[in-house]
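*Asks:* There's a structure below that I have some questions on.
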Amino acid sequence: MNVLVTGGAGYIGSHVVEELCKTGYKPIVYDNFSTGHIDAVSDDVQLIEGDIHDFSFLKHVIGEYEIDAVMHFAASSLVGESMVDPAKYYYNNVAGSLGILDAMRETGANLLVFSSTAAVYGEPDQVPITEDAKHAPTNVYGKTKLMIETMMADYASAYDLRYVALRYFNAAGAALLGNIGEDHNPETHLLPLIFKAALGERKDIAIFGTDYPTPDGTCLRDYIHVCDLATAHVLALKYLAEGGLSKAYNLGTEHGFSVREIIAAVKKITGKDFAVREEARRAGDPAKLIASSEKIKKELHWEPKHSSIEDIVASAWRWHSTHPNGYAK
Ligand code: UFG
């Protein structure tokens, strides 16, 4: 089965591409390298430099490579940036995804696995969050992903499209072989920033907010290993290929770790000490984001295997300590 992977050179996309190869699918990576990295894609994977806004090229590639299914990761994904530059997010995420949907409709590729986010829920009324919780995103990034889910649902009702939307909680960790990992510029995520402090590239790590209604006052997040996200994508694709109907699933571990707990885990596993600074809350951060992943466990028999905090930190540390400059040579 030939699978077009938009954004396949990005953090999550590249790990999914490895899993597709391992499980006998043929990924064709489509990436404009605005944030992705050529070296995140193995030499034996077909790699096409292209933009999701280039509608005619996208359609040409879908036809030329006899694409059966699309996995769509290509997107802008920084919450803070989405608030100050919403135009970029509506263009790249909403308009870009509309192009993908229309290219699929016009070429007959009708199976889509979509990279969605816990940000579609906003501040939850209760945790763990189930898929039918209210959708009230608190930032533009989450709004755009929710709009895309709405478009996919309408296209699925009207046209020959079936999709699975996977709503990730906090993706973390790196490939177990240590060959690929997380490399964002600028980096804003907690774990990679802590590793930079552990490597001495930053003088400290800041905790954003210590007065949340949580046991230690810092935010709780549900960290899920990127390799466990990868297996969920392949299960979702298999489900669609076997005739499954359109669905949305959460991907998390049903367990929240506080910012302080994550810092302590990194100190313990790396054996490195570094300074920790307490700062005011970061705007828009919910106190607790914890997934219920019962639905995908029950329906697709997904089980996270690498998402203990020890495995997440150890795999990410292997990547960051051996690639202190990320993919840059
Ligand atoms: N944090 C700090 N200090 C830092 C960076 C982050 O204390 O230097 C805190 C944040 O305030 C938050 C937690 O660490 O409480 C995790 O922050 P991240 O920026 O790593 O991740 P987010 O939870 O904000 O966002 C992630 C993804 C989003 C996605 C969201 C959905 O990056 O794309 O999860 O839950 F929308």
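The values are calculated or read from the model by the stated rules, or taken from the named source; none is laboratory data. All figures in this text were calculated on a predicted structure; none of them were measured in a lab. Cβ coordinates were reconstructed from backbone atoms using ideal geometry, including for glycine residues, and neighbour counts include every protein chain displayed. Protein only, heavy atoms only, side chains kept; ligands, DNA and RNA dropped before computing areas. Shrake-Rupley method; radii C 1.70, N 1.55, O 1.52, S 1.80 Å.
*Asks:* With every protein chain left in place and a probe of 1.4 Å, what is the accessible surface of residue 303, to the nearest 10 Å²?
*Replies:* It works out to around 100 Å².
*Asks:* Using a probe of 1.4 angstrom, how much of the accessible area of region 227-283 is carbon and sulfur, in percent? Walk me through the intermediate numbers first.
*Replies:* Numbers: 1440 of 2700 Å².
Ligands and nucleic acids excluded, carbon and sulfur reach 53 percent.
*Asks:* Which ³J(HN,Hα) values, rounded to whole Hz and listed in residue order, are derived for region 264-269 from phi using the Karplus coefficients 6.51, -1.76 and 1.60 in 6.51 cos²θ - 1.76 cosθ + 1.60 with θ = phi - 60°, glycine and proline given as x?
*Replies:* Running phi through 6.51 cos²θ - 1.76 cosθ + 1.60 with θ = phi - 60° gives 4, 5, 5, 4, 5, 6 Hz.
*Asks:* Once you keep just the Cα pairs under 8 angstrom separated by 6 or more residues, what percentage relative contact order results for region 177-250? Don't jump to the answer; show the numbers that get you there.
*Replies:* Numbers: 24 pairs, mean separation 8.0, N = 74.
The value is 11 percent.
*Asks:* Cα centroid distance between region 25-60 and region 151-191, in Å?
*Replies:* The distance from the Cα centre of region 25-60 to that of region 151-191 comes to 16 Å.
*Asks:* Let me ask you something else. Quick one: work out the % antiparallel among DSSP beta bridges in the chain, nearest 5.
*Replies:* Values: 2 of 43 bridges.
Counting only bridges with both partners in the chain, antiparallel ones make up about 5 percent.
*Asks:* Counting only C-alpha contacts under 8 Å and six or more residues apart, can you give the relative contact order of region 48-177 as a whole percent?
*Replies:* Values: 172 pairs, mean separation 37.6, N = 130.
So the answer I get is 29 percent.
*Asks:* Here's something else I'd like to know. Can you tell me, using C-alpha contacts under 8 Å and at least 6 residues apart, the relative contact order of the chain as a whole percent?
*Replies:* Relative contact order comes out at 19 percent.
*Asks:* In addition: If amide hydrogens are placed 1.01 Å from N in the peptide plane, which non-local residues have theirs closer than 5 Å to the one on residue 46?
*Replies:* 29
*Asks:* Same structure again: If you keep only loop residues by DSSP, which GluC sites (Glu not before Pro) in region 277-311 have at most 12 other Cβ atoms within 10 Å of their Cβ?
*Replies:* Numbers: sites: 278, 279, 294, 299, 310; in loops: none.
Passing sites in region 277-311 do not exist.
*Asks:* Please report the antiparallel percentage of DSSP beta bridges with both residues in region 158-261, rounded to the nearest 5. Don't jump to the answer; show the numbers that get you there.
*Replies:* Values: 2 of 10 bridges.
Restricted to region 158-261, the bridges split so that about 20 percent are antiparallel.
*Asks:* Additional query: Over the chain, average the accessible area per residue using a 1.4 Å probe and give it in Å², no decimals. Working shown, then result.
*Replies:* Numbers: 14130 Å² over 329 residues.
Result: 43 Å² of accessible area for each residue.
*Asks:* What GluC sites (Glu not before Pro) in region 64-119 are in a loop by DSSP, with at most 16 other Cβ atoms within 10 Å of the Cβ?
*Replies:* Working: sites: 64, 66, 81, 106; in loops: 66.
Within region 64-119, the qualifying GluC sites (Glu not before Pro) (loop, at most 16 other Cβ atoms within 10 Å) are 66.
*Asks:* Once amide H atoms are built 1.01 Å from N in the peptide plane, which residues 5 or more positions from residue 290, or in another chain, come under 5 Å H to H?
*Replies:* Sorted by chain and number, the residues that satisfy this are 129.
*Asks:* Considering only 53, 189, 301, give the residue with the highest GNM mean-square fluctuation for the chain, with springs between Cα atoms whenever their separation is below 10 Å.
*Replies:* 301
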